[in-house]
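Peer 1: Got a structure for you, questions after.
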Amino acid sequence: MKLKEELYKIEDMLKKDIEKVSDYIFKNPELGCEEYKACKYLIENLKENGFRVQENYCGMATAFRAEIGSGSPKIAFLAEYDALPGYGKEKMPGHACGHNWIAATTYGSVLALSKLAEKINGTIVLLGTPAEETIGGKVPMIEQGAFDDIDIALQMHLESENNIACRTLAIDCLKFQFEGKAAHAAAHPEDGINALDALNLMFAGIGCLRQHITSDARIHGFISYGGNAPNTVPDFTEAKFHIRANNREYLNSLTNKVINIAKGAELMTGAKLSYEKFENSFDNLLNLTTLQSLMKKNLEELGIKDIKTEGNGATGSSDIGNVSQVCPTMYTELALDIDEVCHVHDEAYLKYVNSEEAYDKLHKGVKAMCGVALEIFADKELLKNIKAEFNNHKKIK
Ligand SMILES: [Zn+2]
Ligand SMILES: [Zn+2]
């Protein structure tokens, strides 16, 4: 494809500009919903390059939408830029998940494509999506219609393997509270209602449930408040749980079972139960074979080998899952060629996410995502096939 060759050359010329973004965000790590510097930096650069930018997008201070070109299709690249807490001696925020690299790959992609805007039929969009590691900023963005007019969403993440068949789990995050009645634990225990007994029974019930759940599912939690004195019957306790599974339908039934166990603990002890979500629920990632083979071809054209095409084993959850349920999404993981065995979120991973090796994969990632976008922009039939596959999945549900 001639346009792709042209794009590769443009990307080569923009290398330093793109690396600068990774470097700046890496050196200025900010936690979720506080990514003010990253956001400002990206927005300034986008404006300088002729993009139309909406700030405070969807009412979120660190979300934005930038676009160039016009009409459809609209292809969106999803930037992330939040860091994780607790690195180094000072326990400071750090980009151990490599979101500096995500910001740079997505920014780099729209920047490179913008130089070809005249030759593209459609709109190139960069969505700044905050707080992936905490609240999952994409969830309120979806609720407010940020993806309603987007035809395709693209993102890449650093990982231990090259993977076009990533699996992420649907997740519900629930907080359970029990309210009992305090009493002297030795002198008048008969007057008390033990809120900690309720929690203990809940943990025991979940322990029994674990035998009867599918192997992909996970239920894990901790007691966030368990009482304040051994000689007083605890009158208030609280636990937080993450409940996860391969798909939303099964997870809904599982979450219901966990709630029923809590209700049972309430009945057994008389401690009053209340529960609520303490973080946004995420859906599982929906992969589309049409997009996967397109990405695989584009990665191979760039010399990337050993691409996993089947789901990974144990995994986490991400708000990109929610995006994939409302808009055809291609989420790809790229591996760094390093000898040390370490993974995203490890402290040791910090030294790699802004390295020369990360830059090498950064440029390949930009070229591959742009290649995919250019093929979709150029071929209406291809977009139709992707949408048909997506709608078919929705129908099966
Ligand atoms: Zn992460
Ligand atoms: Zn991440």
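The values are calculated or read from the model by the stated rules, or taken from the named source; none is laboratory data. Given the structure is predicted, the values throughout are model-derived calculations rather than measurements. Glycine also receives a Cβ, built like all others from the backbone with ideal geometry; neighbour counts cover every protein chain displayed. Ligands, DNA and RNA are stripped out before the accessible areas are found, and what is left, the full protein with its side chains, is counted by its heavy atoms. Shrake-Rupley method; radii C 1.70, N 1.55, O 1.52, S 1.80 Å.
Peer 1: Looking only at residues in the range 61-119 that are aromatic (Phe, Trp, Tyr) and assigned to a strand (DSSP E or B), which one is farthest from ligand 2 (Cβ to nearest atom)? So that I can check it myself, show each step before the final result.
Peer 2: First, pick out the residues of the range 61-119 that are aromatic (Phe, Trp, Tyr): 64, 77, 81, 87, 101, 107.
Checking the rest, the ones that are also assigned to a strand (DSSP E or B) come to 64, 77, 87.
Values: 64: 19, 77: 15, 87: 14 Å.
Taking the candidates together, the pick is 64.
Peer 1: A further question on this structure: Please enumerate the residues belonging to the range 7-32 that are more than 20 Å from the chain's Cα centre (by Cα) and of a type in the set (D, E, K, R).
Peer 2: Across the range 7-32, the qualifying residues are 9, 11, 12, 15, 16, 17, 19, 20, 23, 27.
Peer 1: Oh, and also: Check 56, 49 and return the single one that is free of Cβ contacts under 8 Å to residues at least 60 places away in the same chain, more than 18 Å from the chain's Cα centre (by Cα) and open to solvent by 30 Å² or more (accessible area, probe 1.4 Å). Walk me through how you get there before you give the answer.
Peer 2: Details: 49 fails: free of Cβ contacts under 8 Å to residues at least 60 places away in the same chain.
Testing whether each residue is free of Cβ contacts under 8 Å to residues at least 60 places away in the same chain, more than 18 Å from the chain's Cα centre (by Cα) and open to solvent by 30 Å² or more (accessible area, probe 1.4 Å) leaves just 56.
Table: residues versus (1) over 29 Å from residue 166 (Cβ atoms); (2) outside any helix (DSSP H, G or I); (3) among the basic types (Lys, Arg).
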{"residue": "222", "(1), (2), (3)": "no, yes, no"}
{"residue": "234", "(1), (2), (3)": "yes, yes, no"}
{"residue": "241", "(1), (2), (3)": "no, yes, no"}
{"residue": "258", "(1), (2), (3)": "no, no, no"}
{"residue": "265", "(1), (2), (3)": "yes, no, no"}
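Peer 1: So, in the range 151-169, exactly how many residues are of a type in the set (Val, Ile, Thr) and open to solvent by less than 10 Å² (accessible area, probe 1.4 Å)? Spell out how you get there, then give the answer.
Peer 2: Let us first name the residues in the range 151-169 that are of a type in the set (Val, Ile, Thr), namely 152, 164, 168.
Next cut, open to solvent by less than 10 Å² (accessible area, probe 1.4 Å) only: 152, 164.
Qualifying residue count for the region: 2.
Peer 1: Condition (residue is open to solvent by 10 Å² or more (accessible area, probe 1.4 Å), touching a residue at least 60 places away in the same chain (Cβ under 8 Å) and either farther than 29 Å from residue 80 by Cα or not in a helix (DSSP H, G or I) (or both)) applied to the range 201-214: is it met by at least one residue?
Peer 2: Yes; the residues of the range 201-214 include at least one that is open to solvent by 10 Å² or more (accessible area, probe 1.4 Å), touching a residue at least 60 places away in the same chain (Cβ under 8 Å) and either farther than 29 Å from residue 80 by Cα or not in a helix (DSSP H, G or I) (or both).
Peer 1: Could you list, in sequence order, all residues of the range 186-196 that are under 10 Å from residue 270 (Cα atoms) and open to solvent by 50 Å² or more (accessible area, probe 1.4 Å)?
Peer 2: Residue satisfying the conditions is 193 alone.
Peer 1: Which of the following residues is away from ligand 1 (no atom under 16 Å from the Cβ), closer than 24 Å to residue 382 by Cβ and small (Gly, Ala, Ser): 313, 303?
Peer 2: Working: 313 fails: closer than 24 Å to residue 382 by Cβ.
Going through 313, 303 in turn, the sole match is 303.
Peer 1: With the checklist (1) open to solvent by 60 Å² or more (accessible area, probe 1.4 Å); (2) in contact with a His (Cβ under 9 Å, 6 or more places away or on another chain) in hand, flag the one item residue 243 doesn't pass.
Peer 2: Residue 243 satisfies every listed condition except (1).
Peer 1: For the range 347-379, how many residues are touching a strand residue (DSSP E or B) at 6+ places or on another chain (Cβ under 9 Å) and over 24 Å from residue 23 (Cα atoms)?
Peer 2: 4
Peer 1: If you don't mind, another one. Answer yes or no: is there a residue in the range 121-144 that is surrounded by fewer than 24 Cβ atoms within 10 Å (Cβ to Cβ), of a type in the set (Gly, Ala, Ser) and in a loop (DSSP other than H, G, I, E, B).
Peer 2: For the range 121-144, residues surrounded by fewer than 24 Cβ atoms within 10 Å (Cβ to Cβ), of a type in the set (Gly, Ala, Ser) and in a loop (DSSP other than H, G, I, E, B): absent.
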